[in-house]
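See structure below.
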DNA sequence: ATGTCGACGGAGCGTCGA
């Protein structure tokens, strides 16, 4: 099971790059975030014609998540918080060779600034996610929870811990909240295999952050114990940030046997 | 803190969100 996750910051702008990734990487599953399109306006034909199944949970202008899979996609659910209108969640089963994987795709709210109402929504999202992951871990399938967490978890995951203490994507309250998933037994695939590697998954478009490598690792693939037992590889392809008209995020990968 | 993006409304560029 070769899986990748990518915040594309508009699927319309990044369709060519996504097709390029699908062609060059032998992915079973690709999870996308920040589609910035409605479900109806997603480029289904362009992806499906490459031999993939596609499920989309979209929204006008903002957010939006999708699951792209070579294999059957079943039991899709897109509701995490009752009454929430923002398209940030998709859970499904992917069946490869009669083996089921439970896959959760998240686009965690950015949170604006740390003392804003939006940051309360971010906390609420994490609480709901934790509750759902707690329940989903009870099933027999290996569980993968991947996407844009909008939080870097540890000092090694950012270019400058000191400069980012007040950032909503590195604030200690948000890091603690996200780390509660570890308390349930989930593990960070990348960090399991690269204890000391400082590789980022996002760089601000502004202030030549990419050129200076001022980035953060805010995209994660978390694995349940059953999935950890199958983990072979975890890596980040930073070179996608060098493409013309890149997303501000790059895709992250893991391979389970 | 913000020098950049992308979508939108409406048709030029300001606003929102990140």
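The values are calculated or read from the model by the stated rules, or taken from the named source; none is laboratory data. Just so you know, these numbers come straight off a predicted model, no measurement behind them. Quick reminder, even Gly has a Cβ in these numbers, built from the backbone with ideal geometry, and neighbours come from all protein chains shown.
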With the condition kept exactly as written, say whether any residue in the range A:58-66 is under 25 Å from residue A:99 (Cβ atoms), in contact with a strand residue (DSSP E or B) (Cβ under 6 Å, 6 or more places away or on another chain) and more than 10 Å from DNA strand B (Cβ to nearest atom). yes
Of the residues A:79, A:116, which single one is within 16 Å of DNA strand B (Cβ to nearest atom) and farther than 24 Å from residue A:254 by Cβ? A:116
Only residues in the range A:102-121 that are within 12 Å of residue A:174 (Cβ to Cβ) count as the first member; pair them with residues that are within 10 Å of DNA strand B (Cβ to nearest atom) and assigned to a strand (DSSP E or B), Cβ under 7 angstrom, at least 6 apart or cross-chain, and list the lot. A:108/A:148
Check on residue A:153, part of a helix (DSSP H, G or I) and surrounded by 15 or more Cβ atoms within 10 Å (Cβ to Cβ): no
Would the range A:123-133 turn up any residue that is touching a residue at least 24 places away in the same chain (Cβ under 8 Å), farther than 20 Å from residue A:66 by Cα and within 13 Å of DNA strand B (Cβ to nearest atom)? no
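For every residue, the table says whether it meets (1) surrounded by 18 or more Cβ atoms within 10 Å (Cβ to Cβ); (2) under 30 Å from residue A:135 (Cα atoms); (3) free of Cβ contacts under 8 Å to residues at least 40 places away in the same chain; (4) out of contact with any helix residue (DSSP H, G or I) (no Cβ under 7 Å at 6 or more places or on another chain).
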position: A:168; (1), (2), (3), (4): yes, yes, no, no
position: A:188; (1), (2), (3), (4): yes, yes, yes, yes
position: A:198; (1), (2), (3), (4): no, no, no, no
position: A:211; (1), (2), (3), (4): no, no, yes, yes
position: A:218; (1), (2), (3), (4): yes, yes, no, yes
position: A:221; (1), (2), (3), (4): yes, yes, no, no
position: A:239; (1), (2), (3), (4): no, no, yes, yes
position: A:253; (1), (2), (3), (4): yes, yes, no, yes
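When the range A:110-125 is examined, which residues are found to be buried (at least 22 other Cβ atoms within 10 Å of the Cβ) and either modelled with pLDDT under 95 or in contact with a helix residue (DSSP H, G or I) (Cβ under 9 Å, 6 or more places away or on another chain) (or both)?
A:111, A:122, listed by residue number.
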